[in-house]
Structure formats: structure tokens, C-alpha cells
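> For reference, the structure I am asking about is given below.
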Amino acid sequence: MSDPTEGNGTAGADEAAEPARPAGGTAGERRVRVVLVDDHRMFRTGVQAEIGQTAQTGVEVVGEAADVDQAVTVITATRPEVVLLDVHLPGGGGVEVLRRCAPLMSDAERPIRFLALSVSDAAEDVIGVIRGGARGYVTKTITGTDLVDSVFRVQEGDAVFSPRLAGFVLDAFASTDAPPVDEDLDRLTQREREVLRLIARGYAYKEIAKQLYISVKTVESHVSAVLRKLQLSNRHELTRWATARRLV
């Protein structure tokens, strides 16, 4: 999905002149109630503008939340069919939302299904939310039309993944061995891991700030914290460290 801070302020506005429509049928034939959970207000606004025109898409956005506590409250109150869930959230992340909403997911009559929608394409993030109960995982590069289709597929019980992410899940569940614990990596917060990964990929601070919807100063603070926790001296050592652990 396009960056909602660019163009006219709506996500995906440069990809199609018309609002996204659900694939396989018209909006009048099916409906889905959705809650958006993401800590970036501008991104939520962009998603709402892109997929939330119910008459055209069949998607009705019934609530929004910016952190774990808000998410649990809104989801419990509105009982949507599908939740679009960011992985990295204040209060414990998407995995914590899934943990606290487990009874709602297992409701036999009205199960709530979760679709992760994140900037991260890291295997650990994908596997974490799928183990937590999410039905799929798509990245924020997805188009509005494909996102609408993914929402309906998840509502119907399908598993949905962006290209290449499904391989992470297959590899993880094909193995009976638990992944080894990396004590160094465990010292980092989820946001610090995101910054680490982007630094290792060669992104400049301004590019990381834009990608994660945070300030350059905040990026600098996260990099300093990562270097301190990992006892590294500069971004070149950091890149080698991340590459050795196949985090890039």
C-alpha cells in the first residue's frame, strides 16, 4: 500500500482512480466489518480512505486503535469479522493483542479473525503472529484492491500471505525443533529490531524515519540503543552482526 503521507494523503491513491473493489463479487453481495489496529494515525487514515468506502468495497471500518489496550477494548466492543493488525504496537505488540483476544478467535458462532498488516517482512515477526493465531500476514506494500480481497479471504477462513512470507511459516511449522534463543537479539525491543534490520539493509536515517513513521532523532536514539546493547561501535559492525544472523 502506498505511503499515506505522499500524494493527496490517501494510501494507494496513485494506483487506481476508483476505490478498491472486492474481488469475485460486487459490494452489494458481501460485507465485512473491520477494525484497524496501527499506531500511526496517518496510516490508519490512508487505509480507511482506500478500503473503507463500503458501497464500493464491501468493507465497513467499525473501529480503530493505536495500542494494545485500545485494540482489545475496541475489538471486544465492536466484534468485527476481521482485524487488520500491525505487528509492532505500544503495550506489547500484535502478539499481545492476539493473546488477549484468544477467546474471541475461538468463538464457534462469531469467530474474529486477524490479518497482520505490517511494514516488517522479518521471519520472526511473521511466525510470531501466526503462532499467536493470525490467519495471514501481508506487508504495507499491498495494493488497496489486494488488501480488500485478502480481508474477505480471511473472513472466509483462508490463510493469506504476501509473496515469500508463506515460506517462513512452512519452514517454521515443518520443523519440530524450537528455534534457538538468541540472547543478544532478545535484548532489543521490537522497534529496535526494525531499525537494526533497515540499517543493515543500507537505509539512511531519513529513509528509516519515513518507512517507520518516526522522526530522524528517534531513529538516531534507537541506533544508539542497539549499538550499546550489542556492544558494537558503528553501523558497519552492526551490518555484519545482522548479516551473520540472517536478519537482513
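The values are calculated or read from the model by the stated rules, or taken from the named source; none is laboratory data. Worth saying up front: this structure is predicted, and the values here are computed from it rather than measured. FYI the Cβ positions are ideal-geometry reconstructions off the backbone, even for glycines, and counts take in every protein chain you see. Surface accessibility is based on the protein's heavy atoms, side chains included, excluding ligands, DNA and RNA. Shrake-Rupley method; radii C 1.70, N 1.55, O 1.52, S 1.80 Å.
> For region 123-133, enumerate the residues that are surrounded by fewer than 20 Cβ atoms within 10 Å (Cβ to Cβ) and either at pLDDT 90 or above or not basic (Lys, Arg) (or both). It would help to see each step written out before you state the result.
Taking region 123-133 first, the residues surrounded by fewer than 20 Cβ atoms within 10 Å (Cβ to Cβ) are 123-124, 127, 131, 133.
The answer is Ala123, Glu124, Ile127, Gly133.
> Report, by residue number, each residue of region 103-126 that is in contact with a Pro (Cβ under 8 Å, 6 or more places away or on another chain) and among the β-branched types (Val, Ile, Thr).
Matches in region 103-126: Ile112 only.
> State whether the residues of region 114-121 include one that is surrounded by fewer than 19 Cβ atoms within 10 Å (Cβ to Cβ) and not β-branched (Val, Ile, Thr).
Looking through region 114-121, at least one residue is surrounded by fewer than 19 Cβ atoms within 10 Å (Cβ to Cβ) and not β-branched (Val, Ile, Thr).
> Looking only at region 137-152, count how many residues are part of a loop (DSSP other than H, G, I, E, B) and in contact with a strand residue (DSSP E or B) (Cβ under 9 Å, 6 or more places away or on another chain).
Step one: of region 137-152, the residues part of a loop (DSSP other than H, G, I, E, B) are 140-143.
Filter once more, so that each one left must be in contact with a strand residue (DSSP E or B) (Cβ under 9 Å, 6 or more places away or on another chain): 140, 142.
Qualifying residue count for the region: 2.
Condition check ((1) at pLDDT 75 or above; (2) more than 25 Å from Gly91 (Cβ to Cβ)) across all residues:
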site: Asp171; (1), (2): no, yes
site: Val181; (1), (2): no, no
site: Leu188; (1), (2): yes, no
site: Gly202; (1), (2): yes, yes
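> Counting only residues that are over 13 Å from the mean Cα position of the chain (by Cα) and open to solvent by 30 Å² or more (accessible area, probe 1.4 Å), which one in region 134-151 is nearest to Val32 (Cα to Cα)?
Let us first name the residues in region 134-151 that are over 13 Å from the mean Cα position of the chain (by Cα), namely 143-146, 148-151.
In the following step, the residues that additionally are open to solvent by 30 Å² or more (accessible area, probe 1.4 Å) were identified as 143, 145-146, 149.
Working: Thr143: 18, Thr145: 15, Asp146: 15, Asp149: 11 Å.
Across region 134-151, the extreme among qualifying residues is Asp149.
> Please give the number of the condition Arg246 fails out of (1) out of contact with any helix residue (DSSP H, G or I) (no Cβ under 8 Å at 6 or more places or on another chain); (2) outside any loop (DSSP other than H, G, I, E, B); (3) over 24 Å from Met42 (Cα atoms).
(2)
> Hey, another quick one. Tally the residues that are at pLDDT below 95 and either within 13 Å of the chain's Cα centre (by Cα) or closer than 30 Å to Arg197 by Cβ (or both), restricting the search to region 102-115. Explain how you work it out, then say what you get.
Taking region 102-115 and keeping what is at pLDDT below 95, we get 102-111.
Checking which are either within 13 Å of the chain's Cα centre (by Cα) or closer than 30 Å to Arg197 by Cβ (or both) leaves us with 102, 105.
Looking only at that region, the number is 2.
> Criterion first (at pLDDT 95 or above, farther than 19 Å from Ala159 by Cα and of a type in the set (Asp, Glu)) does Glu60 satisfy it? Break it down into steps so the answer makes sense when it comes.
On the way: at pLDDT 95 or above: yes; farther than 19 Å from Ala159 by Cα: yes; of a type in the set (Asp, Glu): yes.
Against the criterion (at pLDDT 95 or above, farther than 19 Å from Ala159 by Cα and of a type in the set (Asp, Glu)), Glu60 qualifies.
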